[in-house]
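What follows is a single structure, written as C-alpha cells, with notes after it.
Every number in this text was worked out from the coordinates using simple rules, so none of it is lab data. Keep in mind that what you see is a predicted model, and the values were worked out from it rather than measured. In this analysis, Cβ positions are derived from the backbone assuming ideal geometry, glycine residues included, and neighbour counts consider all displayed protein chains.
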Amino acid sequence: MTKVSFKLNGKQTTVEVDPDKPLLWVLREDLGLTGAKYGCGMAICGCCTVHLDGEAIRSCVTPISRAAGKKVTTIEGLSSDLSHPVQRAWMEIQVPQCGYCQPGQIMSAACLLAQNPRPNDADIADAMSGNLCRCGTYQRVRNAIHHAAEMMKKESVKA
Amino acid sequence: MKARVTRRVFLSSSLAAGGGLLLGYSISTHGASGFLRTTSPQSDIPLNAWIRISPNDEVTLISSQSEMGQGIMTTLPAVLAEELGADWNRVKIEFSTVAPAYRNPRINWQFTGNSESTTGFFELMRTMGASAREMLIAAAAQRWGVRPEECSAENGRIIHRTTNRSLKFGDVAEAAAKITPPQNPRLKSPNEWRLLGRSLPRVELESKINGTAVFGLDFTVPGMVYAAVLQSPVHGGKVSSFDKGPVMNRSGVIDVVPVPNGVAVVANQYWQARQALKALKVVFEGGENSNVSSESLAKQYRAALDGNSWKTVKTEGDGLSAEQLIDKFGETYSQEYESQFLAHATMEPMNCTAHVADDSCTVWGPLQGPELAKLTLSGMLKLPPEKVTINRTLLGGGFGRRLLVDFVIQAALVSKAVGKPVKVVWSREEDMQHDVYRPATLNRVSAGLDKSGKPVAIAHKVVSPSILQFVYAPAVTEDNDPSCLEGLMETHYEIPSQRVDFKLLKVGVPTSVLRTTGYGPNIFAVESFIDELAARAKQDPYDFRRSLLKDGRSLKVLETLAEKSGWKKRPAKGVARGMAYTEAFRTHIAHAVELSVNGNLVKVHRVTCVIDCGVALDPDITRNSIEGGTVWGLGVAFKSNITFQNGHTVESNFHDYHIAQMDDTPPIEVQIVNSSTKGLGGTGEVGPVTLVPAVANAIFAATGRRYRSLPLSRHGLTLATNL
C-alpha cells in the first residue's frame, strides 16, 4: 500500500492503495466516482477515459502511481452544471442511447477540442475511433463535436 | 386490441407503491436527474398501477420496461402523461417492480425485448392514462357539483371550462382514487396529441452526460461486497477442483464460492476479487463439448442442409419443394447464404447485485427479464415469490443478453454463501466467452422463374440452432423454434408458391436472442437472393422489387427510399448502390447503401434508410435507434465474428471481436414514413436487418462479386469508410 496524492477535479486528493491498482478502480471504489466505466480492461473501448494533465487516457490500464502529483479530471469534474460546450452539444443533439460509453466519449471529445478547436471528420475519426459505442451513436457524436466547436467559436470559449 | 382496466390492475398498484430502494428520475426544465430514493412515499395515492399522485401534486409515472438505450422510459411514460393531461416537465418516472400488472399484455409476461415495448404497451398506456384522467375529472366535477363533460385535464390541472375554475391533480387525487376506474375511457385522437409524435428530450439524458446515471455496475448498497467469477472455458463444462487456500490470505478476500459452472472470489472490493481470481488455481472438466470447433460446427450445418428429415413449416399455393421446382420449371435458381455467430458485447459487462437473507432475496441489476429472474430465484432459494424483490438499474446495452438470468443466479448464490449483499461483476473476457450467441445459420433459397425472370415459386431451407430456448422455452419444441423462421413465414413479395423447410440444430455452444433474432440471417438470405434474381433478369433492383410488391406500405417505403437516396440518378464514377427491403418486428424498412470498392477496401459513402413503424411516437428517439442499428449492421456485415475451438469461444475482448467504430461510420439519413397508429412497429432491432443485405448488394453492384457468407472480412474485405 502506498500513499498517492493528486488533484482530482480541482481538489487535492490522497489515497492509500496498491500502487499498481488502475486509476479506474481507485476512482470507482476508493473515491466513489462512478462516471468512468469499466468496459474492456485493455485500453480498447474507451469507456474509462479521463484526463490526466489534460490528456485523454484510459484509466483501466493506468496504474494509480502514474497520477501522483498530476491533475485528474473525470466526467464529474468536466463541469458542475453541464455547461461545458461538449456537454451542451451532447444535450442538444441527444447523443446517448444506453449511455454507458458516453462519459468516455465526452472526455475524449473534450480533449480533442481542447487540442484542435476546429476538427474535421477525419480528425474526429482519428481521435474518437478508440471510443466504442455498441448502440452506434457515432454519427451523433460526430455531429455534437462539430456543434460544440461552433459554440466554442461563437462564444470564444475553450474546451 | 382494447386494454381493459381491471380491479387487478388497480390492486397491484399497492404492490408498486410498497417501497424498497427504487431507481427513479425526475424531469425539470433543465432536463432530468437520476435519484435513488429509499421508499416510495406512503402518502402517494395510486390511481392505478401506473400513476401515483401525491397530495402535494407530484405525479409519478411507472415504467415497466427496462431502459437500455431505446428511450422507452421516455416514450411510454409520455403516452401515460399525454392521456392523463399531466405536466410533462414535472412528472417523476420510476421503474416498476415485478407484478402481473406490468406484464406485456400480448404474452402475459414481464420482459423488455423483441422490439415490442411500444407495440405491446401503447394501447394499455393510453387506456391507463385516460382512465386516471377520467377519475380525476369525476372527482373534481363532484366537488364543483358540475358535469364531468364540462371539465378537462391539462398541464396537471382539472379545468371547469365554463367557469374557468381549476384544481390541481393533487387536490383531487384522494377522492379520485375512490372512484371505480372507467372500463372504456375516451382516448385522445392523434390530432389532440401534445407530447406524442414530438421529439422529447430523454428523461435520463442529463444523468448520462454528467456521469450520475446509475447502471448495474454503479449501484451500491451499504455493506455490499464484490465477486469476480471464472466459468468453465468449455461450454457446458464444470469445475472439477479448486484450492482456495492460497488466495484466502490476500488483502480483502472474504471467500471463494462455487457457482454452477465456475467459481467466484468474494472480496471487499472488486479489484481485490479480480486480482485474487487471477491467482486462484481452478481445474475444469470440459465434458462432452470439448471437441466442438467452428470446423466441426460447419460440418454439422452442412450435413443438416444436405440431409433429409425436414420439418415443413410453411406452404402457400402449391408449396413446391426445391426438388419439385427442378421437375416443374425448366429454369430454376438456387443459392446458399450463411450468417455467423455473434456476441452481444454490451458495453456494460454482465453484473448483478443481490442480497439473500434468511427469508428474502432482493436484487438490483441491469435486467431485461425481471419476471424470469423472480421465478428462477424463488424456485432456487425456495422462497415464496413475494419474498423475492427485483429492482432494475439502467442497462448499459441489452440486445437480448440481459433477458437471461445466469448472472443473477450467481449473485444470489454468492450472497447466500457469504451472508452479505454481493455484486457479481464479469470481466470482459468472461462476458464474451460466456455469452449466449446469435446462432449461425445456413439457408438455401431456390426459385422457379417465369420467362421474364420473376420468381413464381420459392423454397427455403433453413438450418439454425434455437433462439428462444433460454428466454421463452414454451415457444420451443423438439423440432421447432418460431424465432428462427422470422421473415420467411410471411413476405410481402407476391410469389404464388412458397415453402419453408426447417431443421432445428442441436449444437454444443449456447445460442439465444440477439438484436434482429431470426430476421437478420433470413432477410440477409432473402434480400440477397432477390437481388440476384434482379441481376439475372437484367432489371434494376428497385424496379424488380416493385414488380413483386402490391402492399401499399411496402411500396411507399420503397418509393420513399428511391426518392431520398436518389436511386434513379447515376451515382458518381466508381460508386455503386445496393438496396434491401423487408417488414420485420411489424416495421417496414428499406436501406440504400452507396459505396466504392478499391481492391479489398470498401468505402461506404452514404446510407439512406426509410421506415414505416406506423407512427413514430418519438421521431428523434426512433431516428437514433435506426442510426444505431445501421451502425450495428456495418459491424455485422464486415467485422463481427465469434469462433470456437476445443469447446470454448476463441474471441475474448474487443481486440479480436470487432464492432463498428467511429471511423467506420458514414453519413446516415433516416426518413420516417407515418402510416397509422393501428399498426405500430418496433424500431429497436430492425435497423441492421436490411442494412446487411444492402451492403452485400451494393458490393455486387460495384464489383460483380456476390458474397453469400458473413462477415465480409472472411473474404478479405475491409470496411474503410474514413480512409
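Check which residues have an amide H placed less than 5 Å from B:Asn391's amide H, if you skip close sequence neighbours.
B:Val363, B:Trp364, B:Gly365
Which of the lysines could a cross-linker bridge to B:Lys311, judged by Cα under 19 Å and excluding same-chain residues fewer than eight apart?
Reachable lysines: B:Lys461, B:Lys503, B:Lys506.
Using helices alone, what [θ] at 222 nm do you get for chain B, with -39,500 (n - 2.57) per DSSP H run of 4 or more residues, divided over all residues and rounded to the nearest 500? It would help to have the intermediate numbers written out before the result.
Working: 17 runs with 208 residues, N = 723.
-9000 deg cm²/dmol, from helical runs alone.
To make sure I understand the rule: partners must be aspartates and glutamates, Cα under 16 Å from the Cα of B:Lys374, and not fewer than 8 residues away in the same chain. Which ones qualify?
B:Asp359, B:Glu386, B:Asp406
Provide a whole-number value for the mean count of partner chain Cβ atoms within 10 Å of the Cβ atoms in peptide A:28-38.
On the way: counts 5, 7, 2, 0, 1, 1, 9, 6, 1, 9, 11.
The mean count of partner-chain Cβ atoms within 10 Å per residue comes to 5.
Can you pull out the GluC sites (Glu not before Pro) in segment B:475-583 whose DSSP state is coil and whose Cβ has at most 11 other Cβ atoms within 10 Å?
Working: sites: B:Glu478, B:Glu486, B:Glu490, B:Glu494, B:Glu527, B:Glu532, B:Glu559, B:Glu563, B:Glu583; in loops: B:Glu478, B:Glu486, B:Glu490, B:Glu494.
Passing both the DSSP loop test and the Cβ count: B:Glu478, B:Glu490.
Between B:Ser547 and A:Ser79, how high is the FRET efficiency from 1/(1 + (r/R0)^6) when r is the Cβ-Cβ distance and R₀ = 60 Å? Nearest 0.05.
Values: r = 57 Å, r/R0 = 0.95.
Calculated transfer efficiency: 0.55.
Which residues' amide hydrogens lie under 5 Å from the amide hydrogen of B:Phe111, considering only partners 5 or more residues apart or on another chain, with H built in the peptide plane?
The answer is B:Asn104.
Hey, which lysines would be in cross-link range of B:Lys568, C-alpha to C-alpha under 17 Å, not counting anything within fewer than 8 residues on its own chain?
B:Lys538, B:Lys556
Calculate one ³J(HN,Hα) per residue across segment B:81-86 by plugging θ = phi - 60° into the Karplus curve 6.51 cos²θ - 1.76 cosθ + 1.60, and present them in order as whole Hz with x for glycine and proline.
So the J values, rounded to whole Hz, are 5, 4, 6, 5, x, 6.
How large is ³J(HN,Hα), in whole Hz, for each residue of segment B:580-595 in order, when computed from phi with the Karplus curve 6.51 cos²θ - 1.76 cosθ + 1.60 and θ = phi - 60°, using x for Gly and Pro?
8, 9, 6, 10, 9, 6, 6, 10, 8, 9, 9, 10, 10, 10, 10, 8
Taking R0 as 51 Å, what's the FRET efficiency between B:Gln142 and B:Asp358 from their Cβ-Cβ distance, rounded to 0.05? If you can, show how the numbers build up before the last one.
Details: r = 48 Å, r/R0 = 0.95.
The formula returns an efficiency of 0.60 here.
Holding the Cα-Cα limit at 23 Å, pick out from A:Lys7/A:Lys158; A:Lys21/B:Lys416; A:Lys37/B:Lys92; B:Lys92/B:Lys168 the pairs that are longer than that.
Numbers: A:Lys7/A:Lys158 21 Å; A:Lys21/B:Lys416 29 Å; A:Lys37/B:Lys92 26 Å; B:Lys92/B:Lys168 16 Å.
Those over the limit are A:Lys21/B:Lys416; A:Lys37/B:Lys92.
Does segment A:85-155 classify as rounded, prolate or oblate by the C-alpha gyration tensor (a ≥ b ≥ c root eigenvalues; a/c under 1.5 gives rounded; else a/b over b/c gives prolate, otherwise oblate)?
Values: a/c = 1.85, a/b = 1.32, b/c = 1.40.
It comes out oblate by the Cα gyration axes.
Magnitude of the Cβ-charge dipole of the protein assembly as shown, K/R +1 and D/E -1, about the Cα centre, nearest 20 debye? All intermediate terms of the calculation are to be shown ahead of the outcome.
On the way: 96 positive and 86 negative charges, 171 e Å.
Dipole of the protein assembly as shown, to the nearest 20 debye: 820 debye.
Ranking B:Ile158, B:Ile51, B:Ile45 by Cβ neighbours within 10 Å, fewest first, what do you get?
B:Ile45, B:Ile158, B:Ile51
When only Cα pairs under 8 Å and 6 or more residues apart are kept, what is the percent relative contact order across segment B:318-449? Each step should come with its number before you reach the end.
On the way: 229 pairs, mean separation 56.5, N = 132.
For segment B:318-449, the relative contact order is 43 percent.
Relative contact order of segment A:2-78: what whole-number percent is it, with Cα pairs under 8 angstrom and at least 6 residues apart? If you can, show how the numbers build up before the last one.
Details: 152 pairs, mean separation 29.5, N = 77.
About 38 percent, as a whole number.
Assuming R0 = 51 Å, what is the FRET efficiency of B:Ser290 and A:Asp123, from their Cβ-Cβ distance, to the nearest 0.05?
Details: r = 49 Å, r/R0 = 0.96.
That pair, B:Ser290 with A:Asp123, gives E of 0.55.
Counting only other chains, and only Cβ atoms inside 10 Å, what mean value do you get across the residues of A:43-55?
Numbers: counts 2, 5, 8, 4, 3, 0, 0, 0, 0, 0, 0, 0, 0.
Mean partner shielding for this stretch: 2.
Need one value for B:653-659: mean number of C-beta atoms belonging to other chains within 10 Å of its residues' C-beta atoms. Mind dumping the intermediate values first?
Numbers: counts 6, 10, 5, 1, 0, 1, 5.
For this peptide, the per-residue mean of nearby foreign Cβ atoms is 4.
Quick one: compute the contact order of chain B, relative version, from alpha carbon pairs under 8 angstrom and 6+ residues apart, as a percent. Please report the intermediate quantities before stating the final value.
Numbers: 1721 pairs, mean separation 94.2, N = 723.
This gives 13 percent for chain B.
Taking neighbour counts of Cβ atoms within 10 Å as a proxy for exposure, in what order, fewest first, do B:Glu285, B:Glu94 appear?
Numbers: B:Glu285 12, B:Glu94 21.
Ascending Cβ contact count within 10 Å gives the list B:Glu285, B:Glu94.
Highest mean first, how do B:702-709, B:136-143, B:355-362 rank when packing is the count of other Cβ atoms within 10 Å averaged over residues? Walk me through the numbers before you get to the answer.
Working: B:702-709: 15.0, B:136-143: 21.9, B:355-362: 16.9.
Top of the packing list down: B:136-143, B:355-362, B:702-709.
Taking θ as phi - 60°, what are the ³J(HN,Hα) couplings along segment B:258-271 by the Karplus curve (6.51, -1.76, 1.60), each to the nearest whole Hz, with x for Gly and Pro?
So the Karplus estimates, Gly and Pro as x, are x, 10, x, 10, x, 10, 10, 9, 9, 8, 5, 10, 5, 4 Hz.
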